[in-house]
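**Student:** Dumping the structure here so I can ask a few things about it.
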Amino acid sequence: MSQIAIPFDADLIRRYDTSGPRYTSYPTAVQFHDGFGQDDYREAAARSNATGGPLSLYVHIPFCDTVCYYCACNKVVTKDRAKARPYLDDVYREMALQAALFDDGRPVDQLHWGGGTPTFLSHDEMRELMGKTGEHFALKTDDSGEYSIEIDPREADAATIRLLREIGFNRISLGVQDFDAKVQKAVNRIQSFDETKEVVDTAREEGFHGVSIDLIYGLPFQTRDRFMQTLDRVIELDPDRLSIFNYAHLPQRFKPQRRIAGDDLPSPAEKLDILGSTIGYLQQAGYVLIGMDHFAKPDDPLAIAQAEGTLQRNFQGYSTHAECDMVAMGASSISQVGGAFSQNVKELDRYHEAVAAGRLPIEKGVVITEEDVLRRHVITELICHFRLSIHDVEQRFEIDFASHFADALDELADMARDELVTITPDSIEVQPRGRLLIRNVCMAFDEYHGSLDGQRFSKVI
């Protein structure tokens, strides 16, 4: 697979560095509303059954032992491991309610436990959760599904990794963020290289199909040189995938971030230097830039799917199984079923109240319109493959592209002049210098983006 060089023009990136969605869904969660309820979800599940096909399952485990100050996830910070028991009982209640809506035998191609820290659970609880899932849904037993879990290496040792493999997981995602001691202290995440390496080495020994590592740039006290030292250590671990997220400092929205002093954050120029150097470093190390802030080895399924034109996006990011309807369980989790999105309530007491009463714990959602389907297709093609066939869109949706998307094409005109995109009557091509700004390109086709609150989204770079 040939590597595409990504030019890094700091002045250009500064000019386009606005806030915007990551497009793990379209419409984005901002469009979810409380008018969507149980009946709407049941109708969506019926539509899903009529279509059939495999399912994707997501389970949200919100608990963490300690708080990382940068975190913007829905979490419960506690050292009381007993709190997991009543929550799991509630998850099982929801699981039964959900399973009753879907036809038996629909295979689970994708499974993911996220958080929080899923390995907050005891070994017996993790074994039980997987067992209960298998009672309600058709889990694969031949290791052919993509079954992944988020790992905090501080909460998992070699025995934990062996257990996870035993109960069916074959991919792990590790939070690292940064190995620099000063940065770790500033964000309250002290994590050694050795304990991280133990998890990765055991995963290799146990035959996991893939290891992904998450890093964050823009954290307090980070500099280009320090972050390059972290990358040196990460490359020693030889992950299959890497995610390099931009830290979005929004202390007015996320209380833990108030413990991070704004003066300790790297300047915008330093952040850009970190990003530009990171891209060059990882490409030299042989990784392919999948899109935005995701990298993968050339033989990884994500890179192969992109090369073959089958890459998709869902709430886990870039995916090879986004065609599956996603049934999500647990507080705050988001489902994508039968042409609708829905999100569960975030508070544990409200979650318990709903499932104990035999109700789906849905707080809000949205039914996707035909226009949404069209625009989601356009955005997905651009964000996954950096190319859109105008002819294919016109044939598939029976529209005249130029007239239907006149406003979007006007918006893209400046990007075309800046050589971020090339627009012809037949196609829109995102040029290498535009790939880092793909969210800007996608926003031109977002019917809702003119009314979006910029405070709800991170900066695109």
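The values are calculated or read from the model by the stated rules, or taken from the named source; none is laboratory data. If you're wondering where the values come from, they're calculated on a predicted model, not measured in any experiment. All Cβ positions, even for glycine, are placed from backbone atoms using ideal geometry, and neighbour counts span all protein chains on display. Just the protein is used for accessible areas: all its heavy atoms, side chains included, with ligands, DNA and RNA removed. Shrake-Rupley method; radii C 1.70, N 1.55, O 1.52, S 1.80 Å.
**Student:** Quick one: putting +1 on the C-beta of Lys and Arg, -1 on the C-beta of Asp and Glu, what dipole do you get for the range 242-294 around its Cα centre, in Debye to the nearest 20?
**Tutor:** Rounded to the nearest 20 debye, it is 340 debye.
**Student:** For the peptides 397-410, 276-289, what is the packing order when you average, over each peptide's residues, the other Cβ atoms within 10 Å and list the highest mean first?
**Tutor:** Top of the packing list down: 276-289, 397-410.
**Student:** If you don't mind, there's one more thing I want to ask. How would Lys132, Lys79 line up by accessible area, probe 1.4 Å, largest first?
**Tutor:** In descending accessible area the options line up as Lys79, Lys132.
**Student:** Ok, one more. Considering only DSSP beta bridges with both partners in the chain, what is the antiparallel share in %, to the nearest 5?
**Tutor:** Bridges in the chain are about 45 percent antiparallel.
**Student:** So which aspartates and glutamates can Lys271 reach, going by Cα to Cα under 19 Å and dropping same-chain residues fewer than 8 places off?
**Tutor:** Answer for Lys271, where 19 Å is the Cα cut-off: Asp9, Asp11, Asp17, Asp178, Asp180, Asp214, Asp225, Asp232, Asp263, Asp293, listed by chain and number.
**Student:** Give the carbon-plus-sulfur fraction of the accessible surface of the range 2-132 in %, rounded to a whole number; probe 1.4 Å, heavy atoms of protein chains only.
**Tutor:** Exposed carbon and sulfur together represent 50 percent of the surface.
**Student:** I want to verify the translational diffusion coefficient of the range 109-250 in µm²/s; compute it with Stokes-Einstein, Rh as the Kirkwood radius over Cα pairs, at 20 °C and 1.002 mPa s.
**Tutor:** Numbers: Rh = 15.9 Å.
The diffusion coefficient I find is 135 µm²/s.
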